[in-house]
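Working notes for the structure below.
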Amino acid sequence: MSHKKIVVAGHIALDITPAFENTSGQSFSDILKPGKLVNVGAAQISNGGSVSNTGLALHRLGADVTLVGKTGKDLFGEIVRKQINEAGCRMDMILSDTDETSYTIVIAPKGSDRAFLHDSGCNNSFTYDEMRMETIREAQYFHFGYPTIMRKFYEDDGEMLVQMYREMKQKGLVTSLDLALVDPDSEAGKCDWEKILGRVLPYVDFFVPSIEEVGYMLDKKRYDRWQEDAGGEEIISVLSLKQDILPIAEKALSFGCRAVMVKCGAAGMYLRTSSEEDMRKVDADLKGWGGQKIFQKSYVPERVLSGSGAGDTSIAAFLKCVMEGESPERSLEYAAATGACCVTTYDTISGLLDFEELRKKIDSGWEQQSLLMS
């Protein structure tokens, strides 16, 4: 176990995931059509959101982690807290007397990316000053997820988000930030996310968004073109590493963060870092992390039941490696391998393997996927 401690804070929810019985060859649009009855199996009920997905994955991988989120005093909240307790993970949850616990219905057909029906619940009333500073002071790393669906963190041009990250850096913590997809028709969708990121990223060490999220926020015209070219299917099928992913990562890095890891779904992930000097200032153990430009292909999973949480668990493996001073190459390998394990189950945690087991699979020639255009 790493001697460094990490707090994972932000969005938490209860995920309800019906088991789809479709064949993998069907497209998402063929499965879900207006007026069509789709027979599904039993629903998997598990914790979701960044706090649960990334936090419990870090715990499963052996990290010293504390979870900080907000739930209601309702049935969904009881289930969320019970599952964390049963996992044996430390938490410092905020309980709301007035707001309901957030939930998500995860629509995840076999062989396809997923869609979500989401109620943010008390995540919308969660504020920075509700977190206990005693918990923060015990940690060396701080990760926050999904401010895009947490009202207090995106309103006023992200003022509370900026304040939180500024103070975390003043306290000397290593910081990381994850996002969630923005509904263009929502309140968050009307925010100037390029402005918000421009304000907060100077206080972020590791920025770990998906290509869809960061594309929408930093290059809306390019993002709209991806959507048009994909024709309603996954945008990964129309993306080029050189023409799409690299420019977006460079732009994000130019906003002042020290490193960007762009999650590219089933294709893999791309890491771009600042100078060696900057990376050693983040954490003295990060030797050889300067000036990195690495694309890691994904590994072929044994099966695909649900892609829900795969990106979050990849982040967990990546952060665990960073905390332990692993090389950037191995950090990406473990991140991609963890994502490939995650998709083999409906929940986000039970399919994960420890790094020793992953190393054996990788070294034995675990097949990788080439899904991006040149």
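Of everything in the range 315-368, what is in contact with a Lys or Arg (Cβ under 6 Å, 6 or more places away or on another chain) and part of a helix (DSSP H, G or I)? Give them in sequence order. M323 - this is the single residue of the range 315-368 that is in contact with a Lys or Arg (Cβ under 6 Å, 6 or more places away or on another chain) and part of a helix (DSSP H, G or I).
Of the residues making up the range 183-231, those that are open to solvent by 60 Å² or more (accessible area, probe 1.4 Å) and assigned to a helix (DSSP H, G or I) are K190, E194, K195, R199, Y203, K220, K221, D224, R225, Q227, E228, D229. Selection of the range 103-161 for residues being out of contact with any strand residue (DSSP E or B) (no Cβ under 7 Å at 6 or more places or on another chain) and small (G, A, S) yields G111, S112, S120, G158.
Take the conditions in contact with a Leu (Cβ under 7 Å, 6 or more places away or on another chain), part of a strand (DSSP E or B) and of a type outside the set (A, V, I, L, M, F, W, C) and apply them to T66. Does it pass? Please lay out each step first, then the result.
Details: in contact with a Leu (Cβ under 7 Å, 6 or more places away or on another chain): no; part of a strand (DSSP E or B): yes; of a type outside the set (A, V, I, L, M, F, W, C): yes.
So T66 does not fit the description; no.
Here the range 28-39 is the region considered, the condition is being open to solvent by 10 Å² or more (accessible area, probe 1.4 Å) and in contact (Cβ under 8 Å) with a residue 12 or more places away in the chain, and the residue that is nearest to the chain's Cα centre (by Cα) is F28.
If the condition is being modelled with pLDDT under 95 and touching a strand residue (DSSP E or B) at 6+ places or on another chain (Cβ under 8 Å), then the range 181-221 contributes only L181. Which ones in the range 121-152 are over 26 Å from V214 (Cβ atoms) and among the β-branched types (V, I, T)? Residues satisfying the conditions are T135, I136. Filtering the range 79-109 to residues that are of a type in the set (S, T, Y) and without any contact (Cβ under 8 Å) to a residue 60 or more places away in the chain leaves S96, T98. Scanning the range 158-168 for residues that are open to solvent by less than 60 Å² (accessible area, probe 1.4 Å) and closer than 24 Å to L271 by Cα yields a total of 4.
Select the strands (runs of 3 or more DSSP E) contained entirely in the range 232-305, then report the ones holding at least 3 residues which are modelled with pLDDT of 95 or more and open to solvent by 40 Å² or more (accessible area, probe 1.4 Å). Walk me through it before giving the result.
On the way: elements: 259-263, 268-273, 293-297.
Fully inside the range 232-305 and qualifying: 293-297.
Pairs only if they're at least six apart or on different chains, beta carbon under 6 angstrom, first in the range 60-76 and touching a residue at least 60 places away in the same chain (Cβ under 8 Å) and on the phi > 0 side of the Ramachandran plot, second open to solvent by 20 Å² or more (accessible area, probe 1.4 Å) and of a type in the set (A, V, I, L, M); list them, first residue then second. Qualifying pairs under 6 Å: G62/M1.
If you go through the range 140-157 and keep only what is open to solvent by 10 Å² or more (accessible area, probe 1.4 Å) and among the aliphatic types (A, V, I, L, M), you end up with just I149.
Yes/no per residue for (1) open to solvent by 10 Å² or more (accessible area, probe 1.4 Å); (2) touching a Gly at 6+ places or on another chain (Cβ under 6 Å):
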site: A13; (1), (2): no, yes
site: G41; (1), (2): yes, no
site: G49; (1), (2): no, no
site: G55; (1), (2): no, no
site: F76; (1), (2): yes, no
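Taking the options L371, L358, name whichever one is in contact (Cβ under 8 Å) with a residue 12 or more places away in the chain, open to solvent by 10 Å² or more (accessible area, probe 1.4 Å) and not acidic (D, E). Within the list L371, L358, the selection yields L371. Scan the range 323-331 and give yes if some residue there is of a type in the set (A, V, I, L, M, F, W, C), closer than 18 Å to F142 by Cα and more than 16 Å from the chain's Cα centre (by Cα), otherwise no. There is at least one residue in the range 323-331 that is of a type in the set (A, V, I, L, M, F, W, C), closer than 18 Å to F142 by Cα and more than 16 Å from the chain's Cα centre (by Cα).
The values are calculated or read from the model by the stated rules, or taken from the named source; none is laboratory data. The structure presented is a predicted model; accordingly, all values stated were derived computationally and were not measured. Cβ sites come from the backbone with ideal geometry, for glycine too, and all protein chains shown count toward neighbours. Ligands, DNA and RNA are stripped out before the accessible areas are found, and what is left, the full protein with its side chains, is counted by its heavy atoms. Shrake-Rupley method; radii C 1.70, N 1.55, O 1.52, S 1.80 Å.
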